[in-house]
1. It is to be established whether one or more residues within the stretch 540-550 are under 17 Å from residue 514 (Cβ atoms), in the same structural domain as residue 625 (by TED's automatic domain parsing), assigned to a strand (DSSP E or B) and modelled with pLDDT of 95 or more.
2. So how many residues does the stretch 126-157 have that are part of a helix (DSSP H, G or I), in contact with a helix residue (DSSP H, G or I) (Cβ under 8 Å, 6 or more places away or on another chain) and within 23 Å of residue 84 (Cβ to Cβ)?
3. For the stretch 347-355, check the following and say yes or no: at least one residue is touching a helix residue (DSSP H, G or I) at 6+ places or on another chain (Cβ under 6 Å), within 18 Å of residue 421 (Cβ to Cβ) and crowded, with 17+ Cβ neighbours inside 10 Å.
4. For residues in the stretch 366-397 being assigned to a loop (DSSP other than H, G, I, E, B) and touching a strand residue (DSSP E or B) at 6+ places or on another chain (Cβ under 6 Å), which is nearest to residue 485 (Cα to Cα)?
5. Mind listing whichever residues of the stretch 578-599 are more than 16 Å from residue 525 (Cα to Cα), assigned to a helix (DSSP H, G or I) and either in contact with a strand residue (DSSP E or B) (Cβ under 8 Å, 6 or more places away or on another chain) or modelled with pLDDT under 95 (or both)?
6. Quick one: in the stretch 436-469, of everything that is at pLDDT below 90 and over 24 Å from residue 498 (Cβ atoms), which residue is surrounded by the most Cβ atoms within 10 Å (Cβ to Cβ)?
7. Considering only the stretch 413-425, I want to know if a residue exists there that is more than 24 Å from residue 81 (Cβ to Cβ) and surrounded by 22 or more Cβ atoms within 10 Å (Cβ to Cβ).
8. Going residue by residue through the stretch 338-345, is there one that turns out to be touching a strand residue (DSSP E or B) at 6+ places or on another chain (Cβ under 9 Å), surrounded by fewer than 24 Cβ atoms within 10 Å (Cβ to Cβ), modelled with pLDDT of 95 or more and outside the structural domain of residue 97 (by TED's automatic domain parsing)?
């Protein structure tokens, strides 16, 4: 039986374990990336490892999130990141150079390599045949220090593509169709691997759109083969020498198969407020739209923006609608300037945002109250845009451009002949904003402003956990719910301050209530529904609750990255053995886990919790699925404690 491409690359990087889906493996990491919202803490954690220099083939520190410097904290983070990159041997991508995923695809991605990034959309580089995985900053710090990355050996879902995309149907519509079929839940421990005759017509930027938003599926990563499209892309980037043909064996066996005929797809949208709430554009046509945003790491390539530019050329956007355009990188911006696309967009009435994450993470262009915003980004969780009660629809650049012209959601297929945009054989390439570390890096002085803290030190696990339920929440709680982004990104390097805002949009009293339990030396617990921890890789959604005294989350199910982050900071990710018990545990209930440390050390995978509420006592069972290594981590109180 032949091998999948996923298995081929992973097996070449195996350090521990064998290809046995469901078992724990460890792989060698070739490259890492961090960005300023997660990277400041990741670099502080790297310093805590005491490693004199990064030990990967290449590690890149990007600045693309905290771009609106309204106070000193963001600038302090940038200065810290630039100085630590110089000191420890990372490449530093300066503010304004663009979004980490777009730049990494352009300038650093290599077929067949592994990439670990402190950002959930790191799988973007799977469009260039990399095993590219998003993780918490502490796992990335460990990889920079030369340690392997531990993960569950994945199952592989094969997505066989046939046919060609019709006019005005885009790569974004492909991944929206996959989300319609697989949803955002139930895909933990899987890799999505694309193959088949339909792959050949998809360019690398189109493939990257699909692998990027594959993060919303909850899969470990997504992957395309390396073929002539890959070679063409690398040649345009003047990196053709790095091309390597890679594909699954023709006889490869997949754990699940999905067939998609690209020719039968139509323009789609993810409706408020989940990336898997999919409807055809034709069913939404006519809905008034106040704002259209084109950009983000999902859809901000040369082809995306030149397509939108061609659609609006010689026309004006609706006077009731604002059009915002954010190129994914400085390279994209320079090339659409050269080829006239930016002039067409500006002439049509578009506003130009910085080459950054901006509107996607709620750091720019918050929509007006009660209005509809149509965006090409990857997430539309409630309030993520920066406006509570927002109505965000996720679409392709083609649908976005058509909507901006009409002032209402519009099927682009109604606009006549579609523009044909080819990727240039020659690109303007300017790496002057990528700073290589100096030869005498040990002489670099690290900048530490007043907002630069350090990773908190936490106590080891107690023999017994006794405390109260500090919060009860429902399904699909995202890391945006737990630790809001937007203007609060400035606090990412200051855990005591950031912790004050945990769950502030869900229950403003939560942080104070949890801190009060901590002051009484009681453990705090959170009760949750299914898919707890969706979304961003931000480990702050584990660090800050841990700082407030949270010792366990009891949920119906967890998402992959957040589970790893909870373990890394000594929080127990407990799963209801009987999901119906969720209904029995009320906020404020007293909980007791007796002998938990001993049970975990002995390898127990089921624990008993005694709950007391309104004078009544009952016991329920929870599952704790940990590897031997993870048991050592939670007993120590976190990975840094174990390393120390």
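The values are calculated or read from the model by the stated rules, or taken from the named source; none is laboratory data. Predicted model, so just to flag it, every value in this text is computed and none were measured. Using ideal geometry, Cβ is built from the backbone for each residue, glycine included, and neighbour counts are taken over all protein chains shown.
1. Yes: the stretch 540-550 contains one or more residues that are under 17 Å from residue 514 (Cβ atoms), in the same structural domain as residue 625 (by TED's automatic domain parsing), assigned to a strand (DSSP E or B) and modelled with pLDDT of 95 or more.
2. Summing the residues that are part of a helix (DSSP H, G or I), in contact with a helix residue (DSSP H, G or I) (Cβ under 8 Å, 6 or more places away or on another chain) and within 23 Å of residue 84 (Cβ to Cβ) in the stretch 126-157 gives 7.
3. yes
4. Going through the qualifying residues, I end up with 385.
5. If the condition is that a residue be more than 16 Å from residue 525 (Cα to Cα), assigned to a helix (DSSP H, G or I) and either in contact with a strand residue (DSSP E or B) (Cβ under 8 Å, 6 or more places away or on another chain) or modelled with pLDDT under 95 (or both), then 599 is the only one that fits.
6. Ranking the candidates gives 441 first.
7. Within the stretch 413-425, none of the residues are more than 24 Å from residue 81 (Cβ to Cβ) and surrounded by 22 or more Cβ atoms within 10 Å (Cβ to Cβ).
8. Yes, the stretch 338-345 contains at least one residue that is touching a strand residue (DSSP E or B) at 6+ places or on another chain (Cβ under 9 Å), surrounded by fewer than 24 Cβ atoms within 10 Å (Cβ to Cβ), modelled with pLDDT of 95 or more and outside the structural domain of residue 97 (by TED's automatic domain parsing).
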